[in-house]
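Beneath this line is the structure, given in structure tokens, with notes to follow.
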Amino acid sequence: MTNGIPRHADADYRVIFDTANDAIFIHDAATGAILDVNRKMSEMYGYARDEALRLTVEDLSAGTAPHTQARALELAGEAAAGTPQLFEWLAKDRDGRLFWVEVNLKRVVIGERDRLLAIVRDISERKRADQQIREGHESQKTLNALLRLALEDLSLEELLQRALTLVLHSAWPVTQGVGAVFLVDDNSGELVLAAHNGIDRHILERCARVPVGQCLCGRAAASGQMLYCGGIDERHEITYPGISPHGHYCIPIVAGEAMLGVLNVYLVAGHPQDIAEEEFFGSFASTLAGIIVRKRAEQSLRAADEQLHEQATLVKLGQMAAVVAHEVRNPLAGVRGAIQVIGRRLPLEGKDAAVIGEIMARLDALDELMKDLLLFARPPQVRPVRVDLTALANETVALVSRDPTARDVRFEVEGAAQTILDPQLFRIVLLNLYLNAAHATHGGGIVRTVIALGDRACRITVADSGAGIPPDIRDRIFAPFFTTKARGTGLGLSTAKRLVESHQGRISFECPPGGGTIFTIEVPREQAGTKNA
């Protein structure tokens, strides 16, 4: 007898055994040892028959829970007890390749001896097809959720943050739950961090702005091609000591010929590159690009409506300012002159002299208000020339330092750049920012100006060490006549905004969690109608 099979039947048994389309194992029911295998087993696993008889189930399994020797023995025990077992198993061949099989395990009697018969079918293709169906379903769910987000009344910033959270926490593809969205700054051409989730503070600091062509995200933006990396390599130009191991997909966000930004997704280090994942992230980025274009169009229409309304208001304000200049300012000068004459006739030490002084101060303040009103309503024509911004900032600092409210403020100016703008108007912009910063620090803090020259624009940041702008008034600080000062006109920041925009620039602000306020001015390196002489 062979393995419990009579010798006269052995030849017929072997023919049937070896022509089966499934791999067949015969195990000892008591010990689990492999007693025999068929030819299909050798083809499937890569072992000759005599080699297979020396193997254990552990040698033929992935070895990770639940596909371990211990679990195999449990299933064998249940089958040996008379309960057939049908289960899927992650198998391993001679070369270490993992593949899925379906195992039908039952107790049989062969040659009057109890054996375990394992019929094993390779279901890799079926599992792959099932996985593709699941992946397609999950990707469609995520894309549908993104499209639903686009219908909500959200700002672009809110939408990007929620879209990022959506893609990072979908059931598939599996990411580290960490990532970011960068948008291209039209003025500087750099990538600007627009949304992030789980990003380390070191990276937040270093990747707030990324030049196109630098690091993985910059390279993806420069090439317009998706980039993959399985770990931190030489392309990670922005790094720091102790950075956690990870990989990336960096996906360009493109609408037509326009590069809008980059979607950055963190992967577990060593995560394999996957075509299906790349196709999904490409679809997600394309859908996001369409949403960004639509949102920006909506914002542009809204801004145009607001600008038309603002222009209409400014026309009326300009008309009123002309009346004020003629009907108030000129008589005001006459009144001031008369009061001054009266004041000279009074004794210097008398009480009336102090009253005259107070009247003169109030008249001067009213005259300054008239000047501010005229400047806001009818700003002078821009006369651009080449200007050294560092010198202009230092000159303005010297001017502001004479003000009693800023005498104890420490002003710092860093960086250097030259550009084309109107120095007189821009001095007014800086003057207003410095006075506001000095007021925010209660006359005793630090105001730091940083000047930088980008490919397309000059950037000036003015940061103070104050408490920051309260959240409930942040949307009004550029509004005309809005002020938190006891005697402020509320025209300083609104005038600064008008003058920056007259240079085709823009001004914005942020209030970091640690306190303080940072105003950022960006103006093109070349003004319209000028030459870089």
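Any read-out appearing in this document is the output of simple, stated calculations on the displayed coordinates, not a laboratory observation. Bear in mind the structure is a predicted one, so any value in this text is a computation, not a measurement. No Cβ is skipped: glycine too gets one built from the backbone with ideal geometry, and neighbour counts run over all protein chains shown.
In this structure, the amide hydrogen of Val447, modeled 1.01 Å from its nitrogen in the peptide plane, lies closer than 5 angstrom to those of Arg410, Phe411, Glu412, counting only residues at least 5 positions away or on a different chain.
Taking every full run of DSSP H in the chain, the ones that stretch at least 27 Å from end to end by Cα along their long axis and average 0.5 or higher on the Kyte-Doolittle scale are 351-377.
Can you tell me the relative contact order of the chain? Whole percent, Cα pairs under 8 Å, sequence separation 6 or more.
Relative contact order of the chain: 7 percent.
Could you list Ser155, Ser286 so that the one with the fewest beta carbons within 10 Å of its beta carbon is first and the one with the most is last?
Ser155, Ser286
Taking θ as phi - 60° and the Karplus parameters 6.51, -1.76 and 1.60, the scalar couplings of the range 107-118 work out to 7, 9, 10, 10, x, 6, 10, 6, 10, 10, 9, 10 Hz in sequence order, x denoting glycine and proline. Database remark: amide H of Ile253 closer than 5 angstrom to the amide H of Leu260, Gly261, Val262, Leu263 (H placed geometrically; neighbours at sequence offset of 5 or more, or on other chains; Pro and chain starts carry no H). The P(r) of the chain has a tail past 46 Å containing 42 percent of all C-alpha pairs.
Rounded to the nearest 20, the size of the Cβ-charge dipole of the range 169-295 about its Cα centre is 280 debye, with Lys and Arg at +1 and Asp and Glu at -1. Remark on the range 114-220: Rg and Dmax equal 20.6, 81 Å (Cα only).
A simple spin-label model places pseudo-atoms 7 Å from Cα toward Cβ; at Val385 and Ala33 they are separated by 10.2 nm.
A dipole drawn for the chain from +1 and -1 charges on Cβ atoms has a positive end, and of Pro84, Gly270, Ala398 the residue lying farthest that way is Ala398. For the range 410-468, dividing the convex hull volume of the Cα atoms by the residue count gives 82 Å³ per residue. Normalising the average separation of contacting C-alpha pairs (under 8 angstrom, six or more residues apart) by the number of residues puts the relative contact order of the range 381-533 at 24 percent. For Phe481 and Glu138, the difference between the fully extended length at 0.36 nm per residue and the C-alpha to C-alpha distance is 118.2 nm.
Amide H to amide H, with H built 1.01 Å from N, Thr56 comes under 5 Å of no residue 5 or more places away or on another chain.
Taking label positions 7 Å along the Cα-Cβ direction at both Val335 and Arg506, the computed distance is 4.3 nm, reported to one decimal. Note on Ala222/Leu154: beta-carbon distance plugged into 1/(1 + (r/R0)^6) with R0 of 22 Å gives a FRET efficiency of 0.15. The Ala304 and Arg206 beta-carbon pair, evaluated with R₀ = 51 Å, returns a calculated FRET efficiency of approximately 0.90. Near Ser42: Cβ cut-off under 9 Å, other residues only, Lys/Arg at +1 and Asp/Glu at -1. The net charge is +1. In the range 45-90, the alpha-carbon atoms span a convex hull of 88 Å³ per residue. Counting Lys and Arg as +1 and Asp and Glu as -1, what is the net charge of the other residues whose Cβ lies under 13 Å from the Cβ of Leu389? For residues surrounding Leu389, the net value is -1. Summing Cβ point charges (Lys, Arg +1; Asp, Glu -1) relative to the Cα centre of the range 214-357 gives a dipole of roughly 1200 debye. Across all Cα atoms of the range 381-533, the radius of gyration (one decimal) and Dmax (whole number) stand at 14.9, 45 Å. Summing Lys and Arg as +1 and Asp and Glu as -1 over all other residues whose Cβ lies under 11 Å from the Cβ of Arg148 gives a net charge of +1. The charge dipole of the chain, taken about its Cα centre with unit charges on the Cβ of Lys, Arg, Asp and Glu (plus for the first two, minus for the last two), comes to roughly 1900 debye. Ordering Thr239, Thr449, Thr64 by the number of other Cβ atoms within 10 Å of each residue's own Cβ, fewest first, gives Thr64, Thr239, Thr449.
In the range 413-514, if the dipole is taken from +1 on Lys/Arg beta carbons and -1 on Asp/Glu beta carbons about the Cα centre, which of Pro513, Phe482, Ala438 is farthest to the positive end? Farthest towards the positive pole: Phe482. Using a cut-off of 26 Å between Cα atoms, the listed pairs Lys351/Lys371; Lys295/Lys316; Lys295/Lys497 include Lys351/Lys371; Lys295/Lys316 as exceeding that distance. Distance between the C-alpha centres of the range 383-414 and the range 149-208: 37 Å, rounded to the whole angstrom. Within the range 54-98, which residues have the backbone N less than 18 Å from the label spot 7 Å out from Ser124 along Cα→beta-carbon, could you tell me? Residues 59-64, 88-98 qualify, since their backbone N sits under 18 Å from the label point.
Our helix-only sum for the chain, with -39,500 (n - 2.57) per DSSP H run of n ≥ 4 divided by its residues, gives a mean residue ellipticity at 222 nm of -14000 deg cm²/dmol. Among Val450, Val184, the ranking by other beta carbons within 10 Å of each residue's beta carbon, starting with the fewest, stands as Val450, Val184. Sequence neighbours fewer than 8 away in the same chain don't count; with that in mind, list the aspartates and glutamates whose C-alpha is under 16 Å from Lys106. In chain and number order, the partners are Asp22, Asp28, Asp36, Glu74, Glu78, Glu88, Asp114.
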